[in-house]
Amino acid sequence: DAGITQSPRHKVTETGTPVTLRCHQTENHRYMYWYRQDPGHGLRLIHYSYGVKDTDKGEVSDGYSVSRSKTEDFLLTLESATSSQTSVYFCAISAQRGLVRRTDTQYFGPGTRLTVL
Amino acid sequence: TQLLEQSPQFLSIQEGENLTVYCNSSSVFSSLQWYRQEPGEGPVLLVTVVTGGEVKKLKRLTFQFGDARKDSSLHITAAQPGDTGLYLCAGKQTGANNLFFGTGTRLTVIP
C-alpha cells in the first residue's frame, strides 16, 4: 500500500462545468502522475509532476490542467468538461528516488470514474 | 498512435490452459514492466525486466524481454480463474520521466 487516495471516487457532471480531481499521497514521493484509462487505449498520461510547482504535459494533456502546491497533493482540473473526457482517471506515484531512473515502479490509486453528460 | 501494442486485446480460455500475451513496439526501452489490474482497482506491478533477452519467472507466469529491448511476452502456464484481469505492459525510455503503457490484454479464465 503506497498510501495513495483519490477523491471523489465517482462523479457525474454536465458538459461545460469545471471539475477537479484530487490525488493525495502520504509517503513524500517526488513524482506523481495523472492517467486516463479508456477501452482499447490502456493508460495514457495526461500530466505529471516532478516536484512542488513542477509539472509537465503528457500525451493527452489538451483540456486538462494540474497543480501541485504541496508534495502530498496533485490536482487535476478539467476547466470545461466535455463528453470525450468521460473516463476512469488514475493517479500514480513513482517509488524511484534517484536522479537516474532506468526503471520506474509506479503505484496507483484506486481511480476516479468520471461521467460527463 | 500507441507506442506499445499488445495482443491479443481479449482472451478467454478454460482453466488449465496455457496462454501467451505479447507487447510490441518499434522503439527501444531501457526497461519494461508488466502490471495486472482487477476491476475497480489500479494496476499492480508484477515484474520489471531490464536486460535484452532476460527471462523472469513468477510462479506460473514467465516474462521475457526481447533481445533488442523492443518487445516482451508474458506466458501463463495452467491458467487459474484468479489470473483473470487486465494485463498491461509499460516501457521506460532512456531519459524519460514517465512510462508508456500498452493497450492492454483482458484475460478471462473460465473455471
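Data overview
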item	result
With at most 16 other Cβ atoms within 10 Å, longest stretch of chain B clear of loop trypsin sites (Lys or Arg not before Pro) (DSSP)	B:1-58
Projected-area average for chain B over all orientations - Cα convex hull basis, square nanometres	6.7 nm²
Convex hull of Cα atoms in chain A, direction-averaged projection (nm²)	7.0 nm²
Distance histogram in 10 Å bins (all Cα pairs of the stretch A:1-44, percent per bin)	19, 44, 32, 5
Dipole in debye (nearest 20) - chain A, about Cα centre, beta carbon charges: Lys, Arg +1; Asp, Glu -1	200 debye
Bridge type composition, the stretch A:3-117 - antiparallel percent by DSSP, nearest 5	90 percent
Whole-number Å³ per residue for the convex hull built on Cα positions in the protein assembly as shown	118 Å³
Neighbour net charge for B:Ile110 - beta-carbon separation under 15 angstrom, K R +1, D E -1	-2
Viscosity 1.567 mPa s, temperature 4 °C, Stokes-Einstein D of the stretch B:21-64 from Kirkwood C-alpha radius, µm²/s	109 µm²/s
Average accessible surface area per residue within chain A, 1.4 Å rolling probe, Å²	47 Å²
The stretch A:42-49 - phi-based ³J(HN,Hα) in whole Hz, Karplus 6.51/-1.76/1.60, Gly and Pro as x	x, 10, 10, 6, 9, 8, 9, 10
Pairwise FRET efficiency - A:Lys57 versus A:Arg113, Cβ, R0 = 25 Å, nearest 0.05	0.60
Listing of the stretch B:57-92 residues, each with accessible area lower by at least 40 Å² in the full protein assembly than in the chain alone (probe 1.4 Å)	B:Lys92
Euclidean distance between Cα centres, the stretch B:1-79 to the stretch A:75-90, Å	29 Å
Normalised contact order of the stretch A:4-97, rounded percent, pairs of Cα under 8 Å and 6 or more residues apart	36 percent
Entries in A:Lys11/A:Lys70; A:Lys53/B:Lys92; B:Lys56/B:Lys92 that, when Cα-Cα distance is taken, lie over 20 Å	A:Lys11/A:Lys70; A:Lys53/B:Lys92
Sites excluded, GluC sites (Glu not before Pro) in DSSP loops with at most 13 other C-beta within 10 Å, longest stretch of chain B	B:18-111
Gain upon complete extension [B:Thr94, B:Lys59; 0.36 nm per residue less C-alpha separation]	9.6 nm
Of all accessible heavy-atom area on the stretch A:4-97, the percent that carbon and sulfur account for (1.4 Å)	47 percent
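The values are calculated or read from the model by the stated rules, or taken from the named source; none is laboratory data. Everything numeric in this text was worked out from a predicted model, so none of it was measured. Here the Cβ is made from the backbone with ideal geometry for all residues, glycine too, and neighbour counts use every protein chain on show. When the accessible area is computed, the model is the full protein with side chains, heavy atoms only, and any ligands, DNA or RNA have been set aside. Shrake-Rupley method; radii C 1.70, N 1.55, O 1.52, S 1.80 Å.
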